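Scroll down for the structure; my scribbles are underneath it.
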Amino acid sequence: MAAASRAGTKLDWSKLGTQLGLRGSTASSLAAFKKRNDDARRKVQALSEAPQTVDFAHYRSVLKNQSVIDEIEGHFRSFKPVTYDVNKQLAAIEQFEKVAMRNAEETKEKVEVELRSLEKALGDIEGARPWEETTVDEVAAAAPQIDEYVARLVKKGRWMPPGYYVSFTFRFFLDSLTSISDAGWLAGGWMLTMR
């Protein structure tokens with residue numbers, strides 16, 4: 001036990017996380033473990049400094065009920081401290097360390113994959129040509145569903161996407177009208193062609 005306490009005091013907690021490159025949940029778990037270690041160390045220190053003997057003669061001279069003091073003294077003398085099997089705790093710590101290292105490796109791999117993906121995306125963005133210089137073949141290669149959609153329209157005999165004339169042609173005519181009478185004539189003529 002003395003060797004374990006010496007090893008605990010020699011451990012540099014501040015450098016441990018940076019040397020192992022721990023981040024995220026692994027680093028926070030290590031910090032929580034360090035806090036529990038410090039709390040346990042303080043409790044052990046406080047208990048070791050507390051007096052470990054009881055002056056029963058003093059209590060016999062102060063208290064009238066001697067049978068209570070005899071009973072307490074009997075319990076005190078028969079008390080045997082419980083020894084704990086620290087091997088279970090050490091095994092739990094080793095298991096925690098394995099899980100923490102596995103989590104750290106998984107996090108590292110995920111971050112590396114994400115970085116490669118972001119670097120590729122950045123390279124694509126930096127190397128992309130302006131939209132005006134993009135060809136129809138490049139758009140079709142980037143979004144094959146466009147070719148499929150156009151093929152369906154052509155097969156049905158439609159040469160413009162639905163709503164194209166309404167969106168662009170009619171708006172052009174409305175913008176070019178010079179008077180309200182022109183608008184009325186256009187609307188009337190349009191109504192005749194719709195019948």
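Between M160 and L90, the distance separating the two model label sites (each 7 Å from Cα on the Cα→Cβ line) works out to 8.4 nm. The distance linking the stretch 26-73 with the stretch 75-133 is 38 Å (Cα centroid to Cα centroid, whole angstrom). Over all distinct Cα-Cα pairs of the stretch 30-154, the Kirkwood formula returns a hydrodynamic radius of 23.6 Å.
Read-outs throughout are calculated quantities, based only on the coordinates presented, and are distinct from any laboratory measurement. Every value quoted in this text rests on a predicted model; they were computed, and no experiment measured them. Here the Cβ is made from the backbone with ideal geometry for all residues, glycine too, and neighbour counts use every protein chain on show.
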